[in-house]
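Worksheet: one structure, shown below.
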Amino acid sequence: MEILKPSFLFHLFSINLLGLLLPLSLLLLARLSSALYLFGLLPLPSSSLLLSFILYVNTPLLFLLVSFVTVSTLLHSLTGKSALPTKLPSPISRPRLYTAWIFLCTLQVCVGVGIEGSLSSGLNDAPAGHIKSGLLRRLLFFFGLHEAVVHWTRVVVKPVVDDTVFGESRKEKWFETAATAVSLGGLWWWRLRDEAEALVVVAESKWLTSAELGPADISGWCLYYITVAIGIAKIVNSVAWFGGIFVFKKHSKRPHEVGVEANV
């Protein structure tokens, strides 16, 4: 069986591990937003060079990369088009593959530097908040995040892993999609369901208290609600798809019924 081959298992593990970079990026951004809000870390100590690098270089770049993926996912959900190539030929074209490599490596470096820097700077020691919000908003965010992870995996992660392991593009299997959903579900249940709300709650709390909103607060708020919008688009598209199937079955039965009545 192909599923038991070492190359296939390595391929599946790599896709799932790299696919989690997107939700891990959101978790890191939420952690940083929550920690800075709770600590009140401005102005920064002059000796904290690493912390300054994380806040003023790494975090904006991470926001930019994640925002690009989420906006591309929203565009794809609404119009079927994407800012990223959604259909790659076989063999995979070199320019598109190199672009995917650069995008993937940049995001991986940003996440790694952010996690390491937050741990060494003590930002990770702040209570993450475990913020509760409305169930509907949390569900919409989860659906939107799942769609964004699927989009990110298909257009960036999978072409890179396919070319590295097999040297060509391969058709996605159902258990690969299921593994992506299970991996995201595990991360959501472990951390994201409680901490992702910091992206929007921090900005809303500052707004209510008339505190100054920084670019990171506004970016986090926009990023959260873009993901919610993706979730809404996903639900609408799913309802329309099921409705189309129901209408098609209903119309396909009518000629048969007319033929039976004519014979009678």
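The values are calculated or read from the model by the stated rules, or taken from the named source; none is laboratory data. From a predicted model like this one, the values you see are computed outputs, not experimental measurements. Don't worry about glycine lacking a Cβ; one is built from the backbone with ideal geometry, like all the others, and counts go over all protein chains shown. All accessible areas refer to the heavy atoms of the entire protein, side chains included, with ligands and DNA or RNA removed. Shrake-Rupley method; radii C 1.70, N 1.55, O 1.52, S 1.80 Å.
For the structure I just gave you, tell me whether THR177 is closer than 24 Å to ILE102 by Cβ, touching a helix residue (DSSP H, G or I) at 6+ places or on another chain (Cβ under 9 Å) and in a helix (DSSP H, G or I). So THR177 does not fit the description; no. Only residues that are of a type in the set (Val, Ile, Thr), modelled with pLDDT under 90 and either closer than 21 Å to ILE54 by Cα or buried (at least 21 other Cβ atoms within 10 Å of the Cβ) (or both) were counted across segment 192-236, and they come to 3.
Looking at segment 234-250 only, could you name the residues that are over 15 Å from the mean Cα position of the chain (by Cα), closer than 17 Å to THR73 by Cβ and of a type outside the set (Val, Ile, Thr)? Lay out the reasoning, then the answer.
Initially, segment 234-250 is screened for residues over 15 Å from the mean Cα position of the chain (by Cα), giving 235-250.
Going one step further and asking which of them are closer than 17 Å to THR73 by Cβ, we end up with 235-238.
Scanning segment 234-250 gives ASN237, SER238.
When LEU55 is tested against the conditions (1) modelled with pLDDT under 85; (2) open to solvent by 70 Å² or more (accessible area, probe 1.4 Å), the lone failure is (2).
When every residue of segment 175-192 is checked against the conditions, none turns out to be touching a Phe, Trp or Tyr at 6+ places or on another chain (Cβ under 8 Å) and under 17 Å from LEU104 (Cβ atoms). A residue that is of a type in the set (S, T, N, Q) and assigned to a loop (DSSP other than H, G, I, E, B) cannot be found anywhere in segment 182-201. Just wondering, is there one or more residues in segment 237-249 that are assigned to a helix (DSSP H, G or I), at pLDDT below 85 and among the basic types (Lys, Arg)? Yes: one or more hits. Residues in segment 138-153 include none that are closer than 14 Å to LEU27 by Cα and either modelled with pLDDT under 90 or in a loop (DSSP other than H, G, I, E, B) (or both).
Scanning segment 147-176 for residues that are under 15 Å from the mean Cα position of the chain (by Cα) and open to solvent by 50 Å² or more (accessible area, probe 1.4 Å) yields a single hit, ARG154.
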